[in-house]
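Peer 1: Sharing a structure below in C-alpha cells format, with a few things to ask.
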Amino acid sequence: MIVSPPFHLQLYYASESIESASASEATVVLSGKALRTYASPPQFGFFPTSFESLISTMTSWSGVFAEWDGSWGWVASEKDEHRRPLWRLDGMIYDRDQKVFYIELQGQCTLDAWRLFLAALGVTDTNRLAICWTHEGLWLNQNSFETWLTGDSQI
C-alpha cells in the first residue's frame, strides 16, 4: 500500500473541462516528480453533491468524524508497527445554499482513499476537478495530482 507524502490542497469543481479552459500549462517538479500545472484556474461551479449528502456518506466510513460546520477528519483503519494510523486526512467543506463549493484538504492518504473521497463528491469527470496546491500556488488536474500521490513518474 502506497501512502502519499503530506499535502495541503483546495479542491474546486470547474464549470467546464480544465483542458479546454486553461490557456497555458507548464511542467514543474514537485517532490521529485514532474507534474503538469495550469497557469490560471478555470471558472468554478458547485460539486455535483449536496453538503448533507457528502457529510452523510463520509460519516458512514470507518474512521471519519465530521461536524455540521464542515470540519472533518478521516483516520485510516490500517496501522503501522507502532499501532498508529497509516494515514490521516482532515479539512473543511465550504458550501453555499447547501451545495459544496470547495474543500480544503490536508494530510496524506492512499490512492483508494483519495478516489473514494472524490466519488463521494460526485467527481466522475477527471478534467473538471481543479486542485490548488495551497502553499505552492500551483493548479493541477486530477491526473497530475494522482501521479504525485502514487509516486508514478509519468505525467
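The values are calculated or read from the model by the stated rules, or taken from the named source; none is laboratory data. All of these numbers come straight from a predicted model, not from anything done at the bench. FYI the Cβ positions are ideal-geometry reconstructions off the backbone, even for glycines, and counts take in every protein chain you see. Note: accessible area is taken over every heavy atom of the protein model, side chains too, but ligands, DNA and RNA are not part of it. Shrake-Rupley method; radii C 1.70, N 1.55, O 1.52, S 1.80 Å.
Peer 1: How much accessible area per residue does the range 1-130 have, in Å², with a 1.4 Å probe?
Peer 2: 52
Peer 1: Taking only DSSP H segments of four or more residues, each worth -39500 (n - 2.57), what value at 222 nm results for the chain once the sum is divided by all its residues, to the nearest 500 deg cm²/dmol?
Peer 2: Value at 222 nm, helices only: -6000 deg cm²/dmol.
Peer 1: Okay, moving on. Grab the beta carbon distance between residue 26 and residue 127, set R0 = 22 Å, and tell me the FRET efficiency rounded to 0.05.
Peer 2: Calculated value: 0.80.
Peer 1: What's the ranking of 138-144, 119-125, 26-32, 67-73 by average number of surrounding C-beta atoms within 10 Å, highest first?
Peer 2: Details: 138-144: 21.7, 119-125: 15.7, 26-32: 11.1, 67-73: 13.4.
Ranked from most to least packed, the peptides come out as 138-144, 119-125, 67-73, 26-32.
Peer 1: Only Cα pairs under 8 Å and at least 6 apart count here; give the relative contact order of the chain as a rounded whole percent.
Peer 2: Details: 319 pairs, mean separation 53.8, N = 155.
Value for the chain: 35 percent.
Peer 1: Any chance you could check the Cα centroid distance between the range 100-155 and the range 64-83 for me, in angstrom?
Peer 2: 18
Peer 1: So which trypsin sites (Lys or Arg not before Pro) in the range 34-142 pass both tests, a DSSP loop state and at most 12 other Cβ atoms within 10 Å of the Cβ?
Peer 2: When the trypsin sites (Lys or Arg not before Pro) of the range 34-142 are filtered for loop state and at most 12 Cβ neighbours within 10 Å, 83 remain.
Peer 1: Kindly point out which whole DSSP H helices in the chain project their C-alpha atoms 30 angstrom or further along the helix axis while averaging a Kyte-Doolittle hydropathy of 1.0 or above.
Peer 2: Flagged H segments: there are none.
Peer 1: With every protein chain present, what accessible area does residue 65 have (1.4 Å probe, heavy atoms only), rounded to the nearest 10 Å²?
Peer 2: Estimated to the nearest 10 Å², residue 65 gives 130 Å².
Peer 1: How many nm is it between the label spots at residue 61 and residue 17, if each spot is 7 Å from the Cα in line with the beta carbon?
Peer 2: 2.8
Peer 1: Counting C-alpha atoms alone, how compact is the chain: give Rg to one decimal and Dmax as a whole number, in angstrom.
Peer 2: 15.3, 48
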